[in-house]
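Read the structure below first, then the notes.
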Amino acid sequence: MKYQMVHFSEIESLRASLQFLAFSEAYLYSAARLCADLSEFSEESTYPRGAVVLSLTFHGIELFLKAAILEKLPDKQFSGKFGHDLELLGKRYTNLYPGKKFVFEIPFRTEEAVLVDPDPRVVEELKLFITEHKRATPADQLNRYPRDIDGKPWDGIYAFEPNLFAADIAKAQQDVARLKDLIFNG
């Protein structure tokens, strides 16, 4: 057996943003490889393995957004709710990198329904429901653990299909590769 030791020193001299970018690419690569295996070998495809693909993808995207933010704000700290919320990180990214050429389609985002002439009370109730649901089912935890912090099953119905999700991973990888040239080498 041939051993090949890899060490942090290969990225140690890089600025923090490029270290985050390297980890982002590694997470997305790993998600794509596992997803391809689950697609090819259906007998290996289980929800826990699918959840790992989702978790790897989520984290890869989170790290890309942090890398891009750190490229412009090298002293930025990511703590608390801001640290893992793709919507908040995505808004910060968009503020720092406005314009069509920097567009990054972020999966795992909540999309708001457009209501025609809604009752303001209904809108308020929906906003409260969405806020509570996000609090009770944090996206960064949902695919990492089978139950919530109180040991209860997650509220909702969750599923995974590797053939369909492979396209989402590929799109994220393409966006990261395109934006890598614009943000980190430009």
Just list whichever of Lys72/Lys100; Lys2/Lys171; Lys91/Lys127; Lys76/Lys180; Lys91/Lys152; Lys66/Lys134 have alpha carbons separated by over 28 Å in the model shown. Lys2/Lys171; Lys91/Lys152
Return the single residue from Asp119, Asp85, Asp75 with maximal mean-square fluctuation; model: Gaussian network over the chain, springs between Cα atoms under 10 Å. Asp119
How big is the shadow of the Cα convex hull of segment 3-136, averaged over all directions, in nm²? 12.8
At 7 Å along the Cα-to-beta-carbon direction for both Leu14 and Ala136, put a label point, then send me their distance in nm to one decimal. 4.0
Of Phe165, Phe58, Phe108, how do they rank once you tally other Cβ atoms within 10 Å and put the fewest first? Phe108, Phe165, Phe58
Counting only backbone N atoms under 16 Å from a point 7 Å out along Cα-to-Cβ of Glu105, the residues of segment 21-40 in range are none
Determine the shape class of segment 82-182: with a ≥ b ≥ c the square roots of the Cα gyration tensor eigenvalues, call it rounded for a/c under 1.5, and otherwise prolate if a/b is greater than b/c, oblate otherwise. oblate
Once R0 is set to 30 Å, what does the formula 1/(1 + (r/R0)^6) return for the Cβ-Cβ distance between Tyr145 and Leu73, expressed as a FRET efficiency to the nearest 0.05? 0.45
Take the alpha carbon atoms of segment 1-78, find their radius of gyration, then divide it by 2.2 N^0.38 Å using N residues; give the quotient. 1.34
Any idea what the dipole of the chain comes to, in debye rounded to 20, about its Cα centre with Lys/Arg Cβ at +1 and Asp/Glu Cβ at -1? 640
Can you list the trypsin sites (Lys or Arg not before Pro) in segment 102-161 that are in a DSSP coil and have 16 or fewer other beta carbons within 10 angstrom? Arg109, Arg144
Would you calculate, for the chain, the mean residue ellipticity at 222 nm contributed by helices, counting each DSSP H stretch of 4 or more residues as -39,500 (n - 2.57) and dividing by all residues, to the nearest 500? -18500 deg cm²/dmol
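Each value in this text was obtained by applying a stated rule to the coordinates, not by laboratory testing. Here the structure is a predicted model, which means the values were calculated and not measured. FYI the Cβ positions are ideal-geometry reconstructions off the backbone, even for glycines, and counts take in every protein chain you see.
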